[in-house]
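Just below is one structure, and these are the notes that go with it.
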Amino acid sequence: MHGATVPRLRRPCRALAPGCAAQLSRLTRHGVTIGGYPDRGRQSLRSLAVADTTPDTAAPAPSRLGEKLPADLVLTPLVDGAAGTSRPIMEWLTTFHLASVVLDPYTNESSWILKAASRVLEQFRGSDARINFIVTANAVDASAFLGPNADRFLVFCDPDRAFVKAAGLSELPAFVFTRVDGVVAAAAQGWNPPEWEAVADAIAEVCWWTSIPVPGPGDPGPFRGSPALG
């Protein structure tokens, strides 16, 4: 069972009040949390909330674990801060596997592990796994949320959460390994370091690469993720 239930905050409307000339991204409305704990010097997507950090809770396995992603699933890359050309999932898997960290930028749970997730992905740079972030937002919000990471990593924008649904995810953040045959070979949901390490080990085994210990220095303690469908 989960710990005490914490009321989730209502997401702000995208549009400004009538009479304003411009629209603001939800990013500009709240203070962001980066790298594990709140950092009021950045911009975020909702006000501070409390995650379920009960140590004896664990997220369930994704419902599509071990299954092939649907061929009609499309991924849209972030290119120079804008949405690039969308391509079917199997076109992204023609040569490389996908090692994906899936984040919801409108939740603190995802922002708390951004630094840790970047460190884990970086370990597999140069391997046969294409390291990437999948962000459940449009190009503007994804770019603003990731900051410099938007230039360091391949990023996919998934505002409709098509990948989230196709992979059977129920909590975010998530770490998902998709093989070149389109099968979700390993996945972890929420922030449970041993489970993330298990996914890293699975990637290393398939790619003949060196894995990485999780957690690392400065990583946050374990906590449950936010609802994957928002």
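The values are calculated or read from the model by the stated rules, or taken from the named source; none is laboratory data. Everything numeric in this text was worked out from a predicted model, so none of it was measured. Don't worry about glycine lacking a Cβ; one is built from the backbone with ideal geometry, like all the others, and counts go over all protein chains shown.
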Q) Given the structure, is Gly221 of a type in the set (Gly, Ala, Ser), outside any strand (DSSP E or B) and over 23 Å from Ala139 (Cα atoms)? A) yes
Q: Would you point out which residue out of Val102, Val164, Val183 is at pLDDT 95 or above, closer than 21 Å to Val199 by Cβ, surrounded by fewer than 21 Cβ atoms within 10 Å (Cβ to Cβ) and in contact with a strand residue (DSSP E or B) (Cβ under 7 Å, 6 or more places away or on another chain)?
A: Val183
Q | Top-ranked residue of segment 181-210 - restricted to ones that are closer than 14 Å to Ala117 by Cα and part of a loop (DSSP other than H, G, I, E, B), ranked as nearest to the chain's Cα centre (by Cα) | A | Gly190
Q: Find all pairs meeting these conditions: Cβ atoms under 7 angstrom apart; at least six residues apart or on different chains; first residue within segment 82-98 and touching a residue at least 60 places away in the same chain (Cβ under 8 Å) and surrounded by 15 or more Cβ atoms within 10 Å (Cβ to Cβ); second residue in a helix (DSSP H, G or I) and aliphatic (A, V, I, L, M).
A: Ala83/Ala139; His97/Val206
